[in-house]
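Input: a single structure, listed below in structure tokens.
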Amino acid sequence: MSTPDSAASLTAPQPSDPIWQRVELARHPKRPLALDYIERVFTDFEEFHGDRAYADDSAIVGGPARFDNRPVMVIGQHKGRDTKQKLQRNFGMPKPEGYRKALRLMKMASKFGRPIVTLLDTPGAYPGIDAEERGQAEAIAVNLREMARLEVPVIAIVIGEGGSGGALALGVANRVYMLENSIYSVISPESCAAIIWRDAGQKHLAARALRLTARDLLGLGIIDKVIGEPEGGAHEDHEKTFESMGAAVRAGLEELAPLTRAQLVDDRYQKFRRMAGFFSEPQ
Amino acid sequence: MSWWKRDKPSVQTPAADRTVRTEGLWVKCDECRQIIFKNDLEKNHQVCPKCGFHFKIEARARLELLFDGPFEEFDKELRSTDPLEFVDSKPYKARLKQMQSSSGLSDAVISAHGKLDGRDVNICALELRFIGGSMGSVMGEKITRAIERSIAHREPFIIISASGGARMQEGAASLMQMAKISAALMRLDEVHVPFISLLTDPTTGGVTASFAMLGDINIAEPGALIGFAGPRVIEQTIRQKLPDGFQTSEFLLKHGFLDAVVPRGELKAFLSRSLDFFVDRA
Ligand SMILES: [Zn+2]
């Protein structure tokens, strides 16, 4: 890990690098954010607050809404648009109370038989002293286990940055979709480059190596569907992006509608049980 | 994530190696700097007899410490297929080969079955020397299979963690192992078979944020580094010095995330008593 690679001599990302372009689109300042989808793909959203233990984390928003006039629980990681909002939303980096709020809302939906849609968009779970003190790791871990137990349809959609465990904590779903220009990764390209080449500037090489685009992850069997974006990216035509997402949510909910509570749990379990089995074994 | 490896040469040459392979009859304790006779250190399970500092030990030594006698190993030949064809300072395939030949393991976990105080248990022990104990597809599969065996035979399950987290070289595939194992632990929970998580130095990232925090009880060795984000990442984010004792076992105990901090010498007895509470002996 410590030997600098010869690739380190390469310069900054080329403007033509299609993978790095995707990373930039996923983080584009005008890209629709979770609350945009919640307000435009869904109707009648009512925000519910708090984890009942410590605080309300505004990096995660959630509550009941309607989709095609049917009640659903919608929960999203929201980054905020201007500087003031970004600070208020902690740049979309949830703290433990955010994950615990999300789980509280998901259990509520499961109890009352309402489908759940989660929108993933975070650089990662917040790495700070307070978050560690309040059990960031425990909060994420419990979400992973408890999402596996939900007895309702769960659809997770990566809308921007799927930042590692901090995104996955809302991502244990029956169907996992990604917008065409979103990314989903175990580590950010910058951190990955800092480890490999001791130079975050090599982020474009790391982005390539990590196979973090929607198409890559579809190919690896880690997601179920790529939701197309308008020419140039979601920020070029919000309305069109909302339509595409609406169609994907509709199709997903229809696929899952016939399943019983037990079948939904089993469907989700089998999906992750079979996923990412990249090992060989002598017969 | 395994970022912390850069600062920790101990990953390449764990303390256990230093103590075992150093020439001569004595070693210097990493913590109190006092001279210890190697015999005394070995008799004390690699815990400094002067100050109680817990040296890192290998996965196999941990299993030998807990099992009554011989144990059976499972899925020994599972190997990563390098789904991303990842190349960092060297190809991941070459890194795996080198690790496999130097450790005698196919990946960073040993999955074993045997008796602990006369009781049948399954134990998975993570090997820190193997790419920082990082979790990829092989670890995910081996641990999931061990959970499935625990469910099928209703045998208590124990994981001994020592890891920097998810294995970067397997990308999102390694991330998904967190979900896969956690879902399997949901099933173990549903059938009321106990799971005990033991965290050792260091346990961070995606390992802490999945199975290591999901025990019916979570316990740790004294002085272990345990966290989600590593200390250097936090320091860079908040641009402050971290308080003394931050992210140690004792810190987690104080903040309510561990049931107990258990010294290595008392570990087997502690586990046995806990299992007695969870399940009547046959
Ligand atoms: Zn000492």
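Taking the conditions exactly as written (free of Cβ contacts under 8 Å to residues at least 60 places away in the same chain, among the small types (Gly, Ala, Ser), more than 7 Å from chain A (Cβ to nearest Cβ) and under 30 Å from A:Leu218 (Cβ atoms)), does B:Ala184 satisfy them or not?
yes
State which residue pairs qualify: first residue open to solvent by 30 Å² or more (accessible area, probe 1.4 Å) and inside segment B:219-230, second residue small (Gly, Ala, Ser) in any location, beta carbons under 8 Å apart, and separation of 6 or more residues or different chains.
Listed by first residue and then by second, the contacts come to B:Pro222/B:Gly52; B:Pro222/B:Ser249; B:Gly223/B:Ser249.
Given the criteria more than 12 Å from the chain's Cα centre (by Cα), surrounded by 24 or more Cβ atoms within 10 Å (Cβ to Cβ) and among the β-branched types (Val, Ile, Thr), does B:Ile181 qualify?
Yes.
Given the criteria more than 12 Å from every other protein chain (Cβ to nearest Cβ), part of a helix (DSSP H, G or I) and not basic (Lys, Arg), does B:Glu266 qualify?
Judged against the criteria, B:Glu266 is a match.
Name, by its number, the condition in (1) assigned by TED's automatic domain parsing to the domain that holds B:Leu126; (2) open to solvent by less than 60 Å² (accessible area, probe 1.4 Å); (3) part of a loop (DSSP other than H, G, I, E, B) that does not hold for B:Cys32.
Looking at each condition in turn, B:Cys32 falls short on (1).
Those residues that are over 24 Å from B:Cys48 (Cβ atoms) and open to solvent by 70 Å² or more (accessible area, probe 1.4 Å), I need them from segment B:233-267; list them, please.
Of everything in segment B:233-267, those that are over 24 Å from B:Cys48 (Cβ atoms) and open to solvent by 70 Å² or more (accessible area, probe 1.4 Å) turn out to be B:Gln236, B:Arg239, B:Gln240, B:Lys241, B:Asp259.
Filter segment B:187-217 down to residues that are assigned to a loop (DSSP other than H, G, I, E, B) and without any contact (Cβ under 8 Å) to a residue 12 or more places away in the chain, then give me how many there are.
Residues that pass the stated criteria total 1.
Conditions tested, residue by residue: (1) crowded, with 24+ Cβ neighbours inside 10 Å; (2) more than 10 Å from every other protein chain (Cβ to nearest Cβ); (3) aliphatic (A, V, I, L, M).
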residue	(1), (2), (3)
B:Glu155	no, yes, no
B:Arg167	yes, no, no
B:Gly171	yes, no, no
B:Ser174	yes, no, no
B:Asp189	no, no, no
B:Phe195	no, yes, no
B:Thr200	yes, yes, no
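Does B:Glu73 meet the test of being modelled with pLDDT under 95 and open to solvent by 20 Å² or more (accessible area, probe 1.4 Å)?
It is false that B:Glu73 is modelled with pLDDT under 95 and open to solvent by 20 Å² or more (accessible area, probe 1.4 Å).
Six or more apart or on different chains, Cβ atoms under 9 Å: show the pairs whose first residue is in segment A:71-84 and more than 11 Å from A:Ala34 (Cα to Cα) and whose second is modelled with pLDDT of 95 or more and of a type in the set (Ser, Thr, Tyr).
Final answer for the pair search is A:Met73/A:Ser110; A:Met73/A:Thr118.
Table: residues versus (1) within 13 Å of another protein chain (Cβ to nearest Cβ); (2) in a loop (DSSP other than H, G, I, E, B); (3) surrounded by fewer than 21 Cβ atoms within 10 Å (Cβ to Cβ).
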| position | (1), (2), (3) |
| --- | --- |
| A:Gly171 | yes, yes, no |
| A:Val176 | yes, no, no |
| A:Ala194 | yes, no, no |
| A:Leu217 | yes, no, no |
| A:Gly232 | no, yes, yes |
| A:Gly246 | no, no, yes |
| A:Tyr269 | yes, no, yes |
| A:Pro282 | yes, yes, yes |
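The rows are residues; the columns are (1) more than 16 Å from the ligand (Cβ to nearest atom); (2) buried (at least 16 other Cβ atoms within 10 Å of the Cβ).
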position	(1), (2)
B:Gly52	no, yes
B:Leu66	yes, yes
B:Val87	yes, yes
B:Lys90	yes, no
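The values are calculated or read from the model by the stated rules, or taken from the named source; none is laboratory data. All values reported here derive from a predicted model rather than from experimental measurement. So basically every Cβ, Gly included, is an ideal-geometry build from the backbone, and we count neighbours across all protein chains shown. What goes into the accessible areas is simple: the full protein's heavy atoms, side chains included, and nothing from ligands, DNA or RNA. Shrake-Rupley method; radii C 1.70, N 1.55, O 1.52, S 1.80 Å.
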